[in-house]
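Data first, discussion second: the structure below is written as structure tokens.
The values are calculated or read from the model by the stated rules, or taken from the named source; none is laboratory data. These figures come from a predicted structure and were not determined experimentally. A quick note on method: Cβ atoms are made from the backbone with ideal geometry, for glycine too, and the neighbour counts reach across all protein chains shown.
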Amino acid sequence: MPAGADALYCLPEKHKPLNLSHLVVSEDEAVNSVNTEQARFNMIEQQIRPAEVLDQRVLDAISSTPREDFVPEEYKNLSFADTNIPLGHDQVMMTPILEAKLLQALNVQSTDTVLEIGTGSGFLTAVLAKLAKQVQSVEIYEDLSAQAAAKLEKQGINNVTLEVGDAASGWGNDTTYDVIAITGSLPVLPENLKHSLKVGGRLYAIVGDNPVMEGILIARVSENEWSEECLQETDIASLVNAQQPQRFVF
């Protein structure tokens, strides 16, 4: 080859070019990805932050968990909307604001064990798992639990135990938890749920009857003392088989 000439490299015929078509992202897929991330950003900045959820650990955990992957297919367009999303069985996903307020109130630490009553879509379960050491989540509907299990596995989350059963009045006799998150409303809060907290533990519940419900935070101060703080008014479907208050008939 003459000095200074451009070098030409030819592959032998038996070496065919690599097929990289599976790595090519279509324009529509790229646009959808950008739109999804913008919608996620807007959810954080236009809904959650203005609702005074400012704990950066909570914001990061929510932002890094793909909410759209936990939403039923027919409601994907509502993944980041300020609305309750139907899950079947008259159950719903909490709004992003309510999820964030619950998480901030519970102040979940990396050493905490968590009991979640009402797995639902599995999204809140996933976020709790990112913040806590271990999450035990109980769902009364077997199909919802199975769907959540598949979604959590897809996300590579392995510090969650899912169980099927009725936990509206508590779960287990002697186990106590650092955190208890109740994702459906309760007309009254069963006393044994408070006793399922460790000393120093926190419980979030939505208590009351439609249309008057309040999100409350209960902390176990000592073996025989609890504090209670009302956080916000809200409205959400009740847990199945929730304990009812005594009604007086005149």
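General observations
- Of all residues in segment 48-56, one or more are of a type outside the set (S, T, N, Q), more than 17 Å from the chain's Cα centre (by Cα), modelled with pLDDT of 95 or more and not in a helix (DSSP H, G or I).
- In segment 142-166, the residue that is nearest to E116 (Cα to Cα) out of those that are in a loop (DSSP other than H, G, I, E, B) and either touching a Ser or Thr at 6+ places or on another chain (Cβ under 9 Å) or at pLDDT below 95 (or both) is I157.
- Segment 69-124 - residue that is small (G, A, S) and either surrounded by 23 or more Cβ atoms within 10 Å (Cβ to Cβ) or in contact (Cβ under 8 Å) with a residue 40 or more places away in the chain (or both) and, of those, farthest from L197 (Cα to Cα): S79
- The residue that is nearest to E142 (Cα to Cα), counting only those in segment 178-207 that are assigned to a strand (DSSP E or B) and more than 18 Å from the chain's Cα centre (by Cα), is L186.
- Scanning segment 168-213 for residues that are among the polar types (S, T, N, Q) and either under 16 Å from A242 (Cα atoms) or buried (at least 20 other Cβ atoms within 10 Å of the Cβ) (or both) yields S169, T183, S185, N192, S196, N210.
- Residue selected from segment 234-247 under the condition touching a strand residue (DSSP E or B) at 6+ places or on another chain (Cβ under 6 Å), of a type outside the set (A, V, I, L, M, F, W, C) and more than 16 Å from A167 (Cβ to Cβ), by the criterion surrounded by the most Cβ atoms within 10 Å (Cβ to Cβ): T234
- Contact annotation: residue pairs with Cβ atoms under 6 Å, 6 or more positions apart or on different chains, pairing a residue in segment 136-156 that is over 12 Å from A126 (Cα atoms) with a partner that is small (G, A, S), are V138/G165; V138/A167; E139/S145.
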